[in-house]
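Worksheet: one structure, shown below.
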Amino acid sequence: MQKPITSIFWPTDLLKPKPLDNLVVVGYKVDEKVVVIDFVQYSKFRKLNLKSNKPNLCLEIIGTVNFHHMNYRMFKFDTKFGKPVMEQNENLILFKPPLSRKLEYYSIKHIAVNIFWTEPVLDTIPDPENTCTRLCLHFDSRPKLTNLKEVIKFINLTEYSRYKLLHSGSNSRPLYSKLLGSLLNWIGSVVLATYQTTIVPLCGLLIFILNYPLWQHSDPERTITLSSSSFLFHQLNFRLKQFQYLPCQFLKLRNSMLETEDLIIKGTKFSPGAYIKLYNTLWLILNDLLLGIITSTLLSKYHDQLHIGINSTIIGFESFLVNLIHWLMNSPAGFKLNNELAEFFGELIMWVLDFWNEFVLQYFTRNSSTVLKLVTVLTRFGGFNLLIATILDCLSIVTFHLHCFYFSSTRVFNWQSHILRSLFRLFYGKKYNILRNRIDSNNYEFDQLLFGIIIFTLLVYLLPTVVAFYLSFVSGRIVGMLITTALEFVLVTLNHLPIVALLLKAKHKERLPGGIVFEYESNGSDAFCFKLMARPLSLKEIFNSHIKSMLNFNLINLQESQGYRTKLGLADVLDQWGRVSPIKIARKIVLGEVFGSFDYKKLF
Amino acid sequence: MDTEPVIPLPTSLSQVPDKPKKNKKQPWKKLLWYKQDYEDNYTDSSFLSQLKRNSTVVNYSYWKLFSDFTLIVLHLSVIMSVILVFYGIYKLNWNPIVPTLVSSMLTALGFIIYVITLKIRRNRELINLQKLKIEQLIRPSRIPRFNISRSRPTSRSSSPFQQSIDAITTRDGTLDLEKLLVEPNPPDLFDTLKSAILILLTLLTFSPVLKSLTNSTASDSIWALSTWLCLLNVLFNDYAIDFSNANRQHTDSNPDLQIPNSNLSKNISLSNAIVLASRLNSNLSAFCFIVFSIEVSGLLPVFNNFTRHCQFWAFHWFQVFAITTAVDYAIFKIFGLGWFLTWISIHFLIVVVGPWYFIVLQKYKDELQGPWDPAKPIFKSI
């Protein structure tokens, strides 16, 4: 009769037992599978209490080593590798017992990397493999997995069970370690309590001030607060929120450390998520501060050069703008524009430039030394990110007039192209029917035709001039947007990099379980075995998981900024990120619509 | 017994050779939804019975074609006159006011003729209708009243008489003869004056802009652009040869059947005028030139169409003759004999050789119309 195939999971540190001891093999049985936990001396065996206080967690005697017993089988070991010899219908699967002290464990599914304090919202990213996953539902593969899940649970419990086995007979924990543990615990609680009573309310107050609406508007998107108007204040707001959520994260980590075993026994997914979260936040803050100290030292060292450099750059940029406008006014690149219109536009812009130069830039250049000193101090105590945020703010102030030029020329171009399109329809005797949303033929009156054609011809001839001005400001806008977006990406990287996950990946892969692998191991003879290995998360998986949680974080922030009025989905967040795609920008340029980067201050 | 499917011979048209058989086939029907006992690619001999050849071909007479082709010559002459006036103002320093004044006076004269003629025709029709009605009221028994319907008189009715009868019989007592009139109302004088003044003032205000519009562009590109616009103008012109059944005018009552008249060539000629005017060196000459070209290439074709519609053939021929000769003479005076001969030979080619070639080509016309063509809906009004 064919016996059912059973698999025996054997820890690697229980190979090659001493030949003289009489040992009892103790382990768990799950259906057909056996998980071996430990050897126990036969002499000590009587004193042990195999029953646990948990009902579904009972160790059983699997077999014996070096002596015969009438009820249990005896394991023999081969001499070469010290592996137990199996029967025909048994698979030997070796595993390295995970050290729960070091937060190692096996997991079938890969864990999620989430470094944000927000809880995941139940909104799925549009899944491209939807049909594929739906197809998989037709093939029943779950029973095996649940079985394996149980086995993995017991494997993860190895150390715990051994500890229980060791201490079940005698309660012999040394007194001093107990004391030390409770003392540490107590100190931690006191620090936590003081932090929670002093710093958290302070952070809350500051966050309230930063988010206080300075200018109320019925549309929450247009309400101006300090943090929504300036990168600097937004960065401060973000830092304060991090500090505010620190104790919460710390508590979670502590709970999960204390209750690790309970969580495993219950079968809920334990993940080092809390650990990664807390240490990631701390690490990023520290990193930022250190970088800030370095850069502030550099800033104060090269203060004079920087001060002169900034001033000359601003003046040079202004003169470049003036030259550009002059060039545009006098047939740029050989294109023959309409002189009168070009002159009109050019003089208008020059007037604004003069005004800007007089009232803003001169003021700025006069005080740039002070600003630089202020930034240095800020960077020393606030971190490197504050420097970038300040640069972004200064850029948006200094290039505000460029933005205005861009906006107005886009409007002019948009109007003109719109008029030209509708008048071209008049040219061939058609008219847009707004009720039926299509183009119908229309019998125009003679005077309507005359008017239309005169205006059409005028505008066609004026179009190149408008386009020349429009395109030059569009290119300025693109350059500005590139710089701003690059700086914003630096900010995102420095603020939200899953650095601890990456470090764990480099240092201690077992703590980032991304699934399990069975490796076939042949040792020459006819006895063969498998080896159970934990597959660490790949870099791609880490980043995928991180981006998923980041989008989630963005969604929550976006909802908060819109005052929870409209129902927002992940599609809106993806739409925000998609604004930087070159195709969309090109489309908007052609249609004469205003384009912009994603709204960093709303997303983060 | 012969059970094989019989392939019908294509000799007989609609008669399938019927033999007395036990399992006699049903005759084939041209119905897709009908389950039939024939092959899918079966072609019945009656299939080609609906074939028509050259159903829409009209045999033209040479003189009819000749008179139609003169319209092209007229249009060419109109375009040429605009170019001539531009050349005169630009190169020969003509006083720009003179041609504009002449053309404006002629336009005013034409407008007066237009209004008066329309009035006369409308009144005449009204009188006719009233006569008819009186006749009907006196002898109601003479006209049978079987044609009672609730529908409005539509455009495709065969004759105005029929229409009027319908209207009278459907409307009880009160009748609105104004609605039955086919002839268009003459334009309102005030409205015309208003839009004319509006356009003139706009042109006056725009003329400095127009003058400086293409200042930075080279003259050569302007000439090239103008040439292309003229060619397109000739190609896209709506020559409006036939006014059969006066369809163009009285379809106003039914907007669905309204044929949109193409204004593309007018638009092109106007933009041509603006492009050329931007080369002129004073505001006044730009303004005058644009007004002249609006009158000549925008309003004159309307007036000419109107004369042909009213069948004032003598007046029409007078217009054609006067305009072409004037333009020919001007070409002879300005450009010399060579250009004049070229221009005349173009006329000859179009008017004499064109119709002849058309008639020669007509014998090759072989138009088939069969059951495979999409069906044409037949509009039938009661």
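Other chains' Cβ within 10 Å of A:456-464 residues: what's the mean?
Averaged over the peptide's residues, the number is 4.
Just need the relative contact order of chain A here, percent rounded to a whole number, with Cα pairs under 8 Å and 6+ apart.
17
Which of the helices in chain A meet the span-like rule: DSSP H, Cα axial reach of 24 Å or more, Kyte-Doolittle mean at least -1.0?
Numbers: long enough: A:175-210 (51 Å, 1.50); A:231-258 (40 Å, 0.01); A:273-301 (41 Å, 0.96); A:303-329 (39 Å, 0.68); A:339-356 (25 Å, 0.69); A:400-427 (40 Å, 0.25); A:446-495 (66 Å, 1.74); A:539-561 (32 Å, -0.07).
Those that clear 24 Å and a mean of -1.0 are A:175-210, A:231-258, A:273-301, A:303-329, A:339-356, A:400-427, A:446-495, A:539-561.
Have a look at A:PHE344, A:LEU321, A:PHE424 and report the one farthest towards the positive end of the charge dipole of region A:315-468, computed about the Cα centre with Cβ charges (Lys/Arg +1, Asp/Glu -1).
A:PHE424
Beta carbons within 10 angstrom, averaged per residue: use that to sort the peptides A:582-593, B:99-110, highest first. Before the final figure, lay out each step's value.
Numbers: A:582-593: 13.4, B:99-110: 16.3.
Output ranking for A:582-593, B:99-110: B:99-110, A:582-593.
For each of A:HIS110, A:HIS234, A:HIS418, count neighbouring Cβ atoms within 10 Å of the residue's Cβ, then give the residues from fewest to most.
Numbers: A:HIS110 19, A:HIS234 23, A:HIS418 12.
Neighbour counts put them in this order, fewest first: A:HIS418, A:HIS110, A:HIS234.
For peptide B:264-271, what's the mean number of Cβ atoms from other chains within 10 Å of each residue's Cβ?
Values: counts 3, 0, 6, 12, 3, 1, 8, 6.
Per residue, the number of nearby Cβ atoms from other chains is 5 on average.
Mind ordering A:4-17, A:177-190 by average Cβ neighbours within 10 Å, highest first? Mind dumping the intermediate values first?
Working: A:4-17: 16.2, A:177-190: 10.4.
Those peptides, ordered most packed to least, come out A:4-17, A:177-190.
How many percent of the alpha carbon pairs in chain A exceed a separation of 42 Å?
Details: 88375 of 182106 pairs.
The share of Cα pairs beyond 42 Å in chain A comes to 49 percent.
Dipole size in debye (nearest 20) for chain A around its Cα centre, Lys and Arg Cβ +1, Asp and Glu Cβ -1? Display every interim value, and only then the final one.
Working: 64 positive and 45 negative charges, 503 e Å.
Around 2420 debye, computed over chain A.
Longer than 28 Å from Cα to Cα, which of A:LYS76/A:LYS531; A:LYS584/B:LYS211; A:LYS241/A:LYS509 are they? Say none if no pair is.
Table pairs above 28 Å Cα-Cα are A:LYS584/B:LYS211; A:LYS241/A:LYS509.
When ranked by the protection proxy of mean other Cβ atoms within 10 Å per residue, highest first, what sequence do the peptides A:226-232, A:396-402 form? Kindly include the intermediate steps, with their values, before the conclusion.
On the way: A:226-232: 20.1, A:396-402: 16.0.
In decreasing order of mean packing, A:226-232, A:396-402 become A:226-232, A:396-402.
If you count, for every residue in B:204-214, the Cβ atoms of partner chains within 10 Å of its Cβ, what is the mean? Before the final figure, lay out each step's value.
Details: counts 0, 0, 3, 0, 1, 7, 4, 0, 5, 8, 3.
The shielding value for this peptide is 3.
Do the sum for chain A: with -39,500 (n - 2.57) for every DSSP H run of n ≥ 4, divided by all residues, what is the mean residue ellipticity at 222 nm, to the nearest 500 deg cm²/dmol? Walk me through the numbers before you get to the answer.
Numbers: 21 runs with 354 residues, N = 604.
After summing the helix terms and dividing by the residues of chain A, the value is -19500 deg cm²/dmol.
For region A:324-422, build the charge dipole from Cβ charges (+1 Lys, Arg; -1 Asp, Glu) around the Cα centre, then report which of A:GLY334, A:VAL375, A:PHE413 sits farthest towards its positive end.
After comparing all options, I get A:VAL375.
Only Cα pairs under 8 Å and at least 6 apart count here; give the relative contact order of region A:547-604 as a rounded whole percent.
On the way: 46 pairs, mean separation 23.6, N = 58.
Normalised by residue count, the contact order of region A:547-604 is 41 percent.
Which ordering of A:ILE308, A:ILE516 is given by a fewest-first count of other beta-carbon atoms within 10 Å?
Details: A:ILE308 12, A:ILE516 17.
Least to most surrounded, the residues fall as A:ILE308, A:ILE516.
For B:ARG279, B:ARG121, what ranking results if the residue with the fewest other Cβ atoms within 10 Å of its Cβ goes first? Don't jump to the answer; show the numbers that get you there.
Details: B:ARG279 21, B:ARG121 16.
Lowest to highest Cβ neighbour count: B:ARG121, B:ARG279.
Compute the distance from the alpha-carbon center of region B:328-382 to that of region A:528-544, in whole Å.
When both Cα centres are located, 83 Å separates them.
Distance check, please: which entries in A:LYS44/A:LYS149; A:LYS507/A:LYS602; A:LYS96/A:LYS277; A:LYS149/A:LYS548 exceed 30 angstrom between their Cα atoms? Intermediate results must be reported in sequence, preceding the final value.
Details: A:LYS44/A:LYS149 32 Å; A:LYS507/A:LYS602 35 Å; A:LYS96/A:LYS277 27 Å; A:LYS149/A:LYS548 26 Å.
As for pairs spanning more than 30 Å Cα to Cα, those are A:LYS44/A:LYS149; A:LYS507/A:LYS602.
Residues with beta-carbon under 11 Å from that of A:GLU593, excluding A:GLU593: net charge, scoring Lys, Arg +1 and Asp, Glu -1?
+4
List the chymotrypsin sites (Phe, Trp or Tyr not before Pro) within region A:529-602 that DSSP assigns to loop and that have no more than 14 neighbouring Cβ atoms inside 10 Å. List each step's numbers first, then the result.
Numbers: sites: A:PHE530, A:PHE543, A:PHE553, A:TYR564, A:TRP577, A:PHE595, A:PHE598, A:TYR600; in loops: A:TYR564, A:PHE595, A:PHE598.
Answer by residue number: A:TYR564.
May I ask you to list the GluC sites (Glu not before Pro) in region A:461-519 that are in a DSSP loop and have at most 15 other Cβ atoms within 10 Å of their Cβ?
Working: sites: A:GLU488, A:GLU510, A:GLU519; in loops: none.
Taking region A:461-519 and a limit of 15 other Cβ atoms within 10 Å, no loop GluC sites (Glu not before Pro) are found.
Using DSSP to define loop residues, name the trypsin sites (Lys or Arg not before Pro) in region B:327-382 whose beta-carbon has at most 11 other beta-carbon atoms within 10 Å.
On the way: sites: B:LYS333, B:LYS363, B:LYS365, B:LYS380; in loops: B:LYS363, B:LYS365, B:LYS380.
Passing sites in region B:327-382 are B:LYS363, B:LYS365, B:LYS380.
Read-outs throughout are calculated quantities, based only on the coordinates presented, and are distinct from any laboratory measurement. Keep in mind that what you see is a predicted model, and the values were worked out from it rather than measured. Every residue, glycine among them, receives a Cβ derived from its backbone with ideal geometry; neighbour counts consider all protein chains shown.
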